[in-house]
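Data block below; observations after.
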Amino acid sequence: LCQMEHGREYYNYILKNNTGTDKTPEELISIVEQNITEYRAQMTSLITLDTSLYEKMENPEYIYSDPDEILSYFIKMLKTDFPKPASDNYSLKETDAAMSDALIVAFYILSPIDNFQNNIIYVNPNKTAQANSLFPTLAHEGLPGHMYQHDYFCSLKPHYFRSLLSFTGYSEAWAKYVELYSYDWSGLDTNLSELLRLNDLFSIALPTRLDLGINYEGWTLHDTEAYLSSLGIDDKETAKLYYNITVS
């Protein structure tokens, strides 16, 4: 984006508009780089103390693996840590097979503002076997994530104009917060759940830094490869990743 006329200025605008931050790109670069360093150091420390954690992280055995059991469990657990949900009614549906390859493991469909208790959560049967993501993803999408947030907001009977507005930075930050929170409910070993949480945070911070580098600072493919290499990442998919970030 920065290669275009006024591209850097436009990037700064959409950064503020989409996230709600008042920080400059330079300030965010500093913060994200510090986070990446800290997450890597903490993950390295945990794995050094227990090398078996790395293998366990690839296929963690959560307390529940069935989607309905996971959501029922979340409804029970959130009542001790969060305000009472405005609604815990939902329909669990499976995505159509024709769409499965292009969709994530699960997602929530915003309920109508005049019927907010009509909640639908879709689960992708082709990807539910990804045990390392179903449990936290349902926390992100359902209760106490997007479904909880949306229903609670609607229950306050806000002015209709507020229902027309979208605050992606706020809604996604909440969903990510409770997704990370759900690792405390996972039934996993404390160190393993912390490692998964740190890995999740690292997986957010890294593409954020790449986005800032490519679209704001003007990194080339070579620059991107060099940065990843400095982190010990030598991924053959770097070119594809670089392309995705330049066109997204």
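The values are calculated or read from the model by the stated rules, or taken from the named source; none is laboratory data. Please read these numbers as outputs of a predicted model, since none were measured by experiment. Backbone-built Cβ (ideal geometry, glycine too); neighbour counts: all protein chains shown. SASA here: full protein model, heavy atoms, side chains in, ligands and nucleic acids out. Shrake-Rupley method; radii C 1.70, N 1.55, O 1.52, S 1.80 Å.
Between 36, 85, 98, the Cα set farthest toward the positive side of the dipole of the range 36-104 (charges on each charged residue's Cβ, about the Cα centre) is that of 85. Would you pull out the residues with amide H under 5 Å of residue 219's amide H, same chain only if 5 or more places away, H placed 1.01 Å from N? Under 5 Å from the amide H of residue 219 lie the amide H atoms of 214, each far enough along the sequence or on another chain. The spacing between the range 71-136 and the range 159-197, judged by their C-alpha centroids, is 13 Å. Computed per residue of the chain from DSSP H runs no shorter than four, each worth -39500 (n - 2.57), the mean residue ellipticity at 222 nm is -18000 deg cm²/dmol. Computed about its Cα centre, the charge dipole of the range 1-158 is approximately 380 debye, with only Lys, Arg, Asp and Glu carrying charge at their Cβ. Among the helices of the chain, those built from whole DSSP H runs whose Cα atoms reach 30 Å or more along their own axis and whose mean Kyte-Doolittle hydropathy is at least -0.5 are 25-49, 190-211.
Around the amide H of residue 94, modelled in the peptide plane, lie the amide H atoms of 123, all under 5 Å away and 5 or more residues distant in sequence or on another chain.
May I ask for the net charge around residue 127, where only other residues with Cβ less than 14 Å from the Cβ of residue 127 are counted and Lys, Arg are +1 while Asp, Glu are -1? Value of the local net charge: -4.
Summarising the strand pairing of the chain, around 50 percent of its internal DSSP beta bridges are antiparallel.
Estimated at the nearest 10 Å², the accessible area of residue 63 is 80 Å² with a 1.4 Å probe.
Here the range 163-248 has 54 percent of its accessible surface on carbon and sulfur atoms, given a 1.4 Å probe and all protein chains in place. Which entry is the computed log10 I(q)/I(0) by the Debye sum over Cα atoms at q = 0.08, 0.11 Å⁻¹ for this structure: (i) -0.37, -0.72; (ii) -0.31, -0.58; (iii) -0.34, -0.64? Among (i) -0.37, -0.72; (ii) -0.31, -0.58; (iii) -0.34, -0.64, the one derived from this structure is (i). Along the axis of the charge dipole computed for the range 124-248 (Cβ charges of +1 for Lys and Arg, -1 for Asp and Glu, origin at the Cα centre), the listed residues 195, 155, 218 are led at the positive end by 155.
Among 71-79, 84-92, sorting by the average number of other beta carbon atoms lying within 10 angstrom of each residue, highest first, gives 71-79, 84-92.
Taking the 1.4 Å solvent-accessible surface of the range 62-105 as the whole, the part contributed by carbon and sulfur is 49%. Considering only lysines 8 or more places apart in sequence, or on different chains, count the pairs in the chain whose C-alpha atoms sit under 28 Å apart. Summing the qualifying lysine pairs gives 27. On a per residue basis, the chain carries 59 Å² of accessible surface, using protein heavy atoms and a 1.4 Å probe.
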